[in-house]
1. Give me the lysines in straight-line cross-link reach of residue 56: C-alpha distance below 27 Å, same-chain residues under 8 apart excluded.
2. Over the stretch 1-75, what is the relative contact order in percent, taking alpha-carbon pairs closer than 8 angstrom and at least six residues apart?
3. How charged is the neighbourhood of residue 71? Take every other residue with its Cβ under 9 Å from the Cβ of residue 71, and add Lys/Arg as +1 and Asp/Glu as -1.
4. Please compute the per residue accessible area over the stretch 12-100 with all protein chains in place, 1.4 Å probe, rounded to a whole number of Å².
5. What is the calculated FRET efficiency for residue 38 to residue 13, with r their C-beta to C-beta distance and R₀ = 22 Å, to the nearest 0.05?
6. Give me the number: length gained by fully extending residue 52 to residue 76, i.e. 0.36 nm times residue separation minus the C-alpha to C-alpha distance, one decimal in nm.
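The values are calculated or read from the model by the stated rules, or taken from the named source; none is laboratory data. Being a predicted model, the structure only gives us computed values, none of them experimental. Cβ placement follows ideal geometry from the backbone for every residue including glycine, while neighbour counts extend to all protein chains displayed. The protein model used for the area step is the full one, side chains on, heavy atoms only, and it has no ligands, DNA or RNA in it. Shrake-Rupley method; radii C 1.70, N 1.55, O 1.52, S 1.80 Å.
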Amino acid sequence: WDNADFSRGVGTTFYQEFSTLNTAKPPFVRDVEAKVRQYLRSSYSAAWTLKITWEKAPVYAARTDTRKTITYQAVLTTDGFRSYILMLYQDGGMQWDYTRLTSTNVLIGYT
């Protein structure tokens, strides 16, 4: 999540909330449920889901290069008892030149 720099007006961040406790579930939420079931092999029915998208995010510091960007999402979901996060990255992976980052220990995802 760090090392993205939106200070030059390149890229954007947006979110969409899905409260589905007593409502019909849109295709996106059904897809999230299917992924949780597939990866965790358990039954799951989302009561709430939040999708956050960082689109065309340039690397920090944007003053050096705003052409190489990445797009990624975090999807948080819960059934009220269990909570999950899906981290999704644009096909083609990291477009940043990670050899120019301050830290050389680069990781996509979390630990």
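1. Residue 56 reaches 35, 68.
2. On the way: 111 pairs, mean separation 31.1, N = 75.
Worked out over the stretch 1-75, it gives 41 percent.
3. Around residue 71, the charge tally is 0.
4. 65 Å²
5. Values: r = 28 Å, r/R0 = 1.26.
So the FRET efficiency works out to roughly 0.20.
6. 7.8 nm
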